[in-house]
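Notes follow the structure.
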Amino acid sequence: HQYCAESAPVAIALGAAPGSVPRTWDDMQEYVANTLASGALAVGSDARTIAHALLASPIVRLSGPFAWAHRQLTLGLLPASLREAYGFSWGPNDQRRLGALLATSRRVRRWTPDLA
């Protein structure tokens, strides 16, 4: 929520049109939904190659629990249409593991100090 307000000036400084930059979480959700619905996002072969190298290569799979958690979070939080466009499968077991990982993250977060 605060992220949207704080990141807007950065997006504008990097060349985004001021009127198109979401300033609230609701604006961000609407922006993402509209972008997905428009078909403006296309996943090509280069993007699939990079995504699989980052998330599904044998080296990543053997890198331990943090790599696994990163993969679950990244794929689980992607909209299903993008996950499918990248060629990643996602089933009920993956969804259950994501739920468990998110619940664990929330519990661990309570024990960590705030940065500010």
Tell me which residues, restricted to segment 5-32, are under 18 Å from PRO79 (Cβ atoms) and either open to solvent by less than 60 Å² (accessible area, probe 1.4 Å) or among the aliphatic types (A, V, I, L, M) (or both).
PRO22, MET28, VAL32
So LEU54 ticks every box in (1) of a type in the set (A, V, I, L, M); (2) free of Cβ contacts under 8 Å to residues at least 40 places away in the same chain; (3) within 29 Å of ASN34 (Cα to Cα); (4) open to solvent by less than 50 Å² (accessible area, probe 1.4 Å) but one. Which box is left unticked?
(4)
For segment 42-72, which residues satisfy the criterion of being at pLDDT 85 or above and assigned to a loop (DSSP other than H, G, I, E, B)?
ALA42, VAL43, GLY44
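Pick from ARG97, ARG106: which is on the phi < 0 side of the Ramachandran plot, of a type in the set (D, E, K, R) and surrounded by 14 or more Cβ atoms within 10 Å (Cβ to Cβ)?
None of the other options fit; the residue is ARG97.
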Filtered residues of segment 81-94 (kept if open to solvent by 50 Å² or more (accessible area, probe 1.4 Å) and in a helix (DSSP H, G or I)):
SER81, GLU84, PRO92, ASN93
Can you name the number of the only condition in (1) assigned to a loop (DSSP other than H, G, I, E, B); (2) touching a residue at least 12 places away in the same chain (Cβ under 8 Å); (3) of a type in the set (A, V, I, L, M, F, W, C) that LEU36 fails?
(1)
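The values are calculated or read from the model by the stated rules, or taken from the named source; none is laboratory data. The model shown is predicted, which means the values in this text are computed figures rather than measured ones. Ideal geometry is used to build each Cβ from the backbone, glycine not excepted, and the neighbour counts take in all protein chains shown. Side chains are part of the model used for accessible areas, which takes the heavy atoms of the whole protein and leaves out ligands, DNA and RNA. Shrake-Rupley method; radii C 1.70, N 1.55, O 1.52, S 1.80 Å.
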